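Structure record follows, encoded as structure tokens.
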Amino acid sequence: MRILGVGTATLDIINSVAIYPSEDDEVRALGQRISRGGNATNTLIVLSQLGHDCTWAGTVADDTGSHLISQDLNRFDVAMDHAVPLAGGHTPTSCVTLDLKTGSRTIVHFRDLAEYSFDNFTGVDLDRFDWIHFEGRNIPELEKMLLRVRARKGSGCSLEIEKPRAGIEQLFPMTSLLMFSRHYARVRGFEDGASLLSAVGRDVEETTVMTCTWGKRGAWLREGQGQLIHNHSHRADVVLDSLGAGDVFNAGLIHGMLEKHTKIDVLDGACRLAARKVGQSGFEGLAGTSGVC
Ligand code: FRU
């Protein structure tokens, strides 16, 4: 299937440490890797490995960081026809500390690049895509993009809600799949995914599928105000690298929806894929080794 992902590509500088440092510590990293990151592009490279035809839409700076981004997207066969080059900014960069003991990832992100705009999005031929996935950012512009996708009908549309942002709730009725993070749920005062989905379910269409991930406690899925499904069966044996695990989970969801799996299998496949990801470093070789995905 043909998938467009709208969102960011970043440069990730990832240091692995034996124990997470305290403030004002000076510690040695046990390993370092520099790679492309960014939620939308992380999701796309996994979908590409699952056999989909993927295109990224986002902004790129004219600096050396962008070369690494395009090389990596090329390597995973993700097309950049809708990448918009911009003069004067910098590649968004994340300094990531990966704690090898817990697998947690702490991110300090620096951003100095204009966001992808509705104006950029008007150049996209929507008929070319079966599914369009958006990162929940730059809300006023995103709202216009979602209206355009909705007016056309026909393609699936997903929205990732990772961080609370002013006005983001207005977008919930505009997509067929809403992917919530634990962080968002907590900031809104919920103690688990079930209660978030119960609250949000009142404001969306009855066919809207909503999910919420919660680390070791698994993930929940609910369609409108329908039955709540919980999955906690796929824990990684070893938690090595949780960077981008949510983005991988989202790829598993989109894949399952496009393959028209049952909702139980959609959630199970996404949890399985995310568990496989946290047990390995990076995103390579995630598809096709077992089970639903
Ligand atoms: C992981 C990630 C990293 C990136 C950061 C941006 O989900 O996409 O690759 O640096 O989040 O917020």
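The values are calculated or read from the model by the stated rules, or taken from the named source; none is laboratory data. Note that the structure is predicted; figures quoted are calculated from it, not measured. Note that each Cβ is placed from the backbone with ideal geometry, even for glycine, and that neighbours are counted across all protein chains shown. Accessible surface areas use protein heavy atoms only, side chains included; no ligands, DNA or RNA. Shrake-Rupley method; radii C 1.70, N 1.55, O 1.52, S 1.80 Å.
Report, by residue number, each residue of the stretch 1-20 that is out of contact with any Leu (no Cβ under 8 Å at 6 or more places or on another chain) and exposed (fewer than 13 other Cβ atoms within 10 Å of the Cβ).
19
Between residues in the stretch 10-31 that are under 30 Å from residue 60 (Cα atoms) and within 16 Å of the ligand (Cβ to nearest atom) and residues that are at pLDDT below 95 and open to solvent by 50 Å² or more (accessible area, probe 1.4 Å), which pairs lie under 6 Å by C-beta distance while being six or more apart or on different chains?
16/100
Looking at 277, 263 in this structure, which one is at pLDDT 90 or above, among the charged types (D, E, K, R) and closer than 21 Å to residue 196 by Cβ? Step through it out loud before you land on a result.
Details: 277 fails: closer than 21 Å to residue 196 by Cβ.
Result of the check over 277, 263: 263.
Being within 12 Å of the ligand (Cβ to nearest atom) and either under 20 Å from residue 192 (Cβ atoms) or in contact with a helix residue (DSSP H, G or I) (Cβ under 6 Å, 6 or more places away or on another chain) (or both) is the filter here, so list the residues in the stretch 215-244 that pass it. First the steps, then the outcome.
Restricting attention to the stretch 215-244, the residues satisfying the condition of being within 12 Å of the ligand (Cβ to nearest atom) are 241-244.
Answer for the stretch 215-244, where residues must be within 12 Å of the ligand (Cβ to nearest atom) and either under 20 Å from residue 192 (Cβ atoms) or in contact with a helix residue (DSSP H, G or I) (Cβ under 6 Å, 6 or more places away or on another chain) (or both): 242, 244.
Is one or more of the residues making up the stretch 193-213 under 18 Å from residue 47 (Cβ atoms) and without any contact (Cβ under 8 Å) to a residue 12 or more places away in the chain? Steps first, please.
First pass over the stretch 193-213, keeping only residues under 18 Å from residue 47 (Cβ atoms): 209, 211, 213.
After this cut, where a residue has to be without any contact (Cβ under 8 Å) to a residue 12 or more places away in the chain as well, the list is none.
No.
Scan the stretch 61-85 residue by residue and report those that are open to solvent by 50 Å² or more (accessible area, probe 1.4 Å) and either touching a strand residue (DSSP E or B) at 6+ places or on another chain (Cβ under 7 Å) or modelled with pLDDT of 95 or more (or both).
Result: 62, 67, 68, 71, 74, 75, 77, 80, 81, 85.
Name the strands (runs of 3 or more DSSP E) wholly within the stretch 197-293 that hold at least 2 residues that are touching a His at 6+ places or on another chain (Cβ under 9 Å)? Show your work before the answer.
Details: elements: 209-213, 219-223, 228-231.
Strands (runs of 3 or more DSSP E) meeting the threshold: 219-223.
Of all the residues that make up the stretch 111-148, how many are touching an Asp or Glu at 6+ places or on another chain (Cβ under 8 Å), within 23 Å of residue 244 (Cα to Cα) and touching a residue at least 24 places away in the same chain (Cβ under 8 Å)?
7
Listed here are the residues, each with its yes/no results for (1) more than 16 Å from the ligand (Cβ to nearest atom); (2) more than 23 Å from residue 141 (Cα to Cα).
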{"position": "155", "(1), (2)": "yes, no"}
{"position": "163", "(1), (2)": "no, no"}
{"position": "182", "(1), (2)": "no, yes"}
{"position": "206", "(1), (2)": "yes, yes"}
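Output yes when any residue across the stretch 111-131 is open to solvent by less than 10 Å² (accessible area, probe 1.4 Å) and at pLDDT below 95, and no when none is.
Scanning the stretch 111-131, I find no residue that is open to solvent by less than 10 Å² (accessible area, probe 1.4 Å) and at pLDDT below 95, so the answer is no.
Return the total of residues in the stretch 176-210 being of a type outside the set (Phe, Trp, Tyr) and open to solvent by 10 Å² or more (accessible area, probe 1.4 Å). Working first, answer last.
Initial filter on the stretch 176-210 (of a type outside the set (Phe, Trp, Tyr)): 176-179, 181-183, 185-189, 191-210.
If we keep only those that are open to solvent by 10 Å² or more (accessible area, probe 1.4 Å) too, we end up with 176, 181-183, 186-189, 191-192, 194-195, 198-199, 202-207.
The number of residues fulfilling the criteria is 20.
For residues in the stretch 102-115 being closer than 21 Å to residue 274 by Cα and out of contact with any Phe, Trp or Tyr (no Cβ under 8 Å at 6 or more places or on another chain), which is nearest to the ligand (Cβ to nearest atom)?
First pass over the stretch 102-115, keeping only residues closer than 21 Å to residue 274 by Cα: 102-107.
Within this subset, residues satisfying the condition of being out of contact with any Phe, Trp or Tyr (no Cβ under 8 Å at 6 or more places or on another chain) are 103, 105, 107.
Values: 103: 13, 105: 8, 107: 5 Å.
It comes out as 107.
Quick check on this structure: which one of 58, 31, 88 is farther than 24 Å from residue 216 by Cβ and open to solvent by less than 10 Å² (accessible area, probe 1.4 Å)?
Numbers: 31 fails: open to solvent by less than 10 Å² (accessible area, probe 1.4 Å); 88 fails: open to solvent by less than 10 Å² (accessible area, probe 1.4 Å).
Matching residue, one of 58, 31, 88: 58.
Looking at 247, 268, which one is in contact with a strand residue (DSSP E or B) (Cβ under 9 Å, 6 or more places away or on another chain) and within 16 Å of the ligand (Cβ to nearest atom)?
Numbers: 268 fails: within 16 Å of the ligand (Cβ to nearest atom).
Among 247, 268, only 247 is in contact with a strand residue (DSSP E or B) (Cβ under 9 Å, 6 or more places away or on another chain) and within 16 Å of the ligand (Cβ to nearest atom).
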